[in-house]
Amino acid sequence: MKRKFLTLFLSLVLAASTLLTGCSSDAEKTLTADAASESGEETEEIEEKAEDEEKAEEEAEKEAKKEAEEATEKKEEAEKEEAEEETIEASRGTITDGMFVNETFGIAFAVTDDMTVFSDEQMLEALGVGSDIMADDGVANAKQIEEALQGTMYDAMIMFSDNSSNVSVSYENMDITSKGIYFDEEQYGQMLINMLGQMSSIQYDVVDENTIELGEKEYYCLKLSADYNGIILEQTYLCRRQDNYMIDIIISSQEGSQIEEEFLDSFVEPDSLSESEE
């Protein structure tokens, strides 16, 4: 909406400038005609001079317009190249030797033997349940949910040892989900709070909002308490923007569980793993 308003505003400025330029040209022509009528002998010469000046003005305007178009084209190409440099293609992580690692997004954490890693089919099934709840609560319609799913890569969903607490890792491509408008982590968190506040089947309360460091990278951290039919769960949303993607790590655990703290302590910088192997 802001971008549309800005485009409209600039169009009005351009239209006003063009209109004023036209008025200025009309005034110059009137003054020239008055001068010619006062000196009858020089009328033809002045008219020819006026025509030559008008032609020169037209040529100058054409040249200025051409230069402006070339400058605009160069600027757009430079902005396009810069945008291409700042965008990345998402890739999924791998689990090797007890570590989940995604080199593209700089994520690495421990996956112990007592954790259960969901298959892609199980992740899709879980996402289907979540989508149904959002649709039933009127938070989003089927088309919005479909677009969100198309613009998000779900990398991993892992169940902890208590067989109820879990973590999910996903990457939202803002080129698709927000049409290239890149929100920062705090803006993203506020939108998330607003969306969750619309849900009727799950009651959310904000417990804390801060930043934490995981694997030498800073994440926006939003801690929530979720009441689902009297069952209280603790949820932590960790967000970090990387170029055109928003990284989302969501941890859900039972109230009072220590699993989350132990899990977060296992985050490391992916490069440190290769260094330790050497």
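The condition (being of a type in the set (A, V, I, L, M, F, W, C) and modelled with pLDDT of 75 or more) is satisfied by just one residue among 36, 50, 56: 56.
Only one of the numbered conditions (1) of a type in the set (Phe, Trp, Tyr); (2) over 30 Å from residue 136 (Cβ atoms); (3) in a helix (DSSP H, G or I) is violated by residue 188, and that is (2).
Candidates in segment 224-242 are the residues that are modelled with pLDDT under 95 and among the charged types (D, E, K, R); of these, the one that is farthest from residue 174 (Cα to Cα) is 227.
All of (1) within 21 Å of residue 239 (Cα to Cα); (2) touching a residue at least 60 places away in the same chain (Cβ under 8 Å); (3) not in a helix (DSSP H, G or I) hold for residue 104 with one exception: (2). Based on this model, can you work out whether residue 157 counts as assigned by TED's automatic domain parsing to the domain that holds residue 208 and surrounded by 18 or more Cβ atoms within 10 Å (Cβ to Cβ)? For residue 157, the condition - assigned by TED's automatic domain parsing to the domain that holds residue 208 and surrounded by 18 or more Cβ atoms within 10 Å (Cβ to Cβ) - is met.
Within segment 111-129, the set of residues being in contact with a helix residue (DSSP H, G or I) (Cβ under 8 Å, 6 or more places away or on another chain) and not in a loop (DSSP other than H, G, I, E, B) comprises just one member, 127. Residue pairs whose Cβ atoms lie under 9 Å apart, sitting 6 or more positions apart in sequence or on different chains, and linking a residue in segment 118-147 that is within 18 Å of residue 198 (Cβ to Cβ) to a partner that is among the charged types (D, E, K, R), are 131/146.
The values are calculated or read from the model by the stated rules, or taken from the named source; none is laboratory data. Quantities reported herein were computed from a predicted structural model and do not represent experimental measurements. Note: ideal-geometry Cβ built from the backbone for every residue, glycine included; neighbour counts use all protein chains shown.
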